[in-house]
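*Asks:* If you scroll down you'll find the structure; I have some questions about it.
The values are calculated or read from the model by the stated rules, or taken from the named source; none is laboratory data. In this text, all values refer to a predicted model and were calculated from it rather than measured experimentally. Here the Cβ is made from the backbone with ideal geometry for all residues, glycine too, and neighbour counts use every protein chain on show. For the accessible areas, the whole protein counts, side chains as well, though only heavy atoms, and no ligand, DNA or RNA atoms are used. Shrake-Rupley method; radii C 1.70, N 1.55, O 1.52, S 1.80 Å.
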Amino acid sequence: MERLVERLEKAVERLESVCQGPGMCGDGSSKGVAQYVQAFDALLAGPVAEYVKISREVGGDVQKHAEMVHAGLMSERALLVVASQHQQPAENAFSALLKPISEQIQAVQNFREKNRGSKLFNHLSAVSESIPALGWVAMAPKPGPYVKEMTDAAMFYTNRILKEYKDVDKKQVDWVKAYLSIWTELQAYIKEYHTTGLTWSKTGPVATEGAKAAPSAPAGAAPPPPGPPPPPAPVSSSTDDSASRSALFAQINRGEGITSGLRHVSDDMKTHKNPALKNQGGPVRSGPKPFTAPKPACNANPSQTTSPKAPPLLELEGKKWRVENQENATNLVISDTELKQVAYVFKCTNSTLQIKGKINSITLDNCKKLGLVFDDVVGIVEIINSRDVKVQVMGKVPTISINKTDGCHVYLSQSSLDCEIVSAKSSEMNVLIPAEGGDFTEFPVPEQFKTVWNGQKLVTTVTEIAG
């Protein structure tokens, strides 16, 4: 029995020495590191590590892409550490702190654009469409739903991967599961620690453009000095308070006699019946004004401030034509094109764009009431997150993809009738086929489907609605 007690005492001493060391204590928290940074580290060590591992096994472009994604997540971790040790900065300083993350997002998306001929293009597209989810740190008050929206944008391509490799290569299926689990876990993480936006420290210096995480306090270091004490409460005498309350209750208990000391006001003493009295005795004091919510001097959350409108852009950047933030522009033309070039049209409203010649691909993203006319595309035309757009093919295009778009009219040419149109999460889509005399015949793209179990598998057919 004595030996058992002795062994238990030694075990306790060992545990105490571990808890006093620089690592983990009994509460599972690492000294000097905020709890939500530790939780993010768990995300990196779990789903992210699994995704990177499988990406290395797949190899090629997928492996390179995964390394970029990991770099973006590490940039995000650095920002979380800064936020845990600093107070919220001004908008311009916060934008500078976000720059490393935005650069990594851009690098991931550019890699997809530069490798459109890759055999693993669906993998690159799934990552490229969802990587803006890293920008949740600038979203308020709903960063979680923003990540969910970005994850949904990847589903179109991950479903393609699953369909292609479901019964062929299990590793590809595992890659999809590992990648999507990153964003699923991130949503849960945000819900627990940053529900309405990035959580900043209540103490410490205000974060600046060059703010860096302070080193963790070594084990056994003295805690920082406490802040100034709150101002003392006003001193009041309990005896005076009780006497005042007694006098008040005595007045109330007099019943109707409480008004006996009031003086009667005759009509000649009332200002509304004798206007001359209003000008006597100086200006009349007005009553209290109705309550109105105070207007904040500045918005504490930079993501909620109205950002200045981005300038319109139409330029060739490398092999990528960028057409961005155009409004009410009806004569946009891209004419000097090459086969290896791509066009990216972003946030254009009430505008018309014509692309002459033959290029590799065209992407419309977040556009409203846009008209696009183009000659030939050798790859794909993608329409994403847009509304009320019209696309006309003058030459030939093999594939048109419509994703998360409401209102899309596609005008096909005689030589593009074999075009494959793929749609997902979209509505009000119509394809117009050329007829005699230069007219077009309109055909709606089905939006409603019927799925039944035939005893062996699910069978899905288009639901025909009469009328």
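*Asks:* Looking for something farther than 23 Å from I380 by Cα, outside any helix (DSSP H, G or I), without any contact (Cβ under 8 Å) to a residue 60 or more places away in the chain and out of contact with any strand residue (DSSP E or B) (no Cβ under 8 Å at 6 or more places or on another chain) - is there at least one such residue anywhere in the range 190-206?
*Replies:* Yes, that holds for at least one residue.
*Asks:* Condition (residue is farther than 23 Å from S427 by Cα, small (G, A, S) and open to solvent by 60 Å² or more (accessible area, probe 1.4 Å)) applied to the range 312-329: is it met by at least one residue?
*Replies:* Yes, because at least one residue in the range 312-329 is farther than 23 Å from S427 by Cα, small (G, A, S) and open to solvent by 60 Å² or more (accessible area, probe 1.4 Å).
*Asks:* What's the number of the condition Y189 fails, among (1) buried (at least 19 other Cβ atoms within 10 Å of the Cβ); (2) under 18 Å from P47 (Cβ atoms); (3) not β-branched (V, I, T)?
*Replies:* Y189 satisfies every listed condition except (1).
*Asks:* Here is a follow-up. Identify, from the list L412, L370, L353, the residue that is in contact with a Ser or Thr (Cβ under 8 Å, 6 or more places away or on another chain) and aliphatic (A, V, I, L, M).
*Replies:* L370
*Asks:* So, A133, is that one in a loop (DSSP other than H, G, I, E, B) and of a type in the set (A, V, I, L, M) or not?
*Replies:* Spelling it out, it is not the case that A133 is in a loop (DSSP other than H, G, I, E, B) and of a type in the set (A, V, I, L, M).
*Asks:* Sticking with this structure for a sec: When only residues in the range 345-375 that are touching a Lys or Arg at 6+ places or on another chain (Cβ under 6 Å) and open to solvent by 50 Å² or more (accessible area, probe 1.4 Å) count, which is farthest from N110 (Cα to Cα)?
*Replies:* Top of the filtered list is N350.
*Asks:* Which of the strands (runs of 3 or more DSSP E) found entirely inside the range 399-467 contain at least 2 residues meeting this: surrounded by 15 or more Cβ atoms within 10 Å (Cβ to Cβ) and assigned by the TED database to the domain that holds K347?
*Replies:* Of the strands (runs of 3 or more DSSP E) lying wholly inside the range 399-467, those with at least 2 residues that are surrounded by 15 or more Cβ atoms within 10 Å (Cβ to Cβ) and assigned by the TED database to the domain that holds K347 span 399-403, 406-411, 420-424, 427-434.
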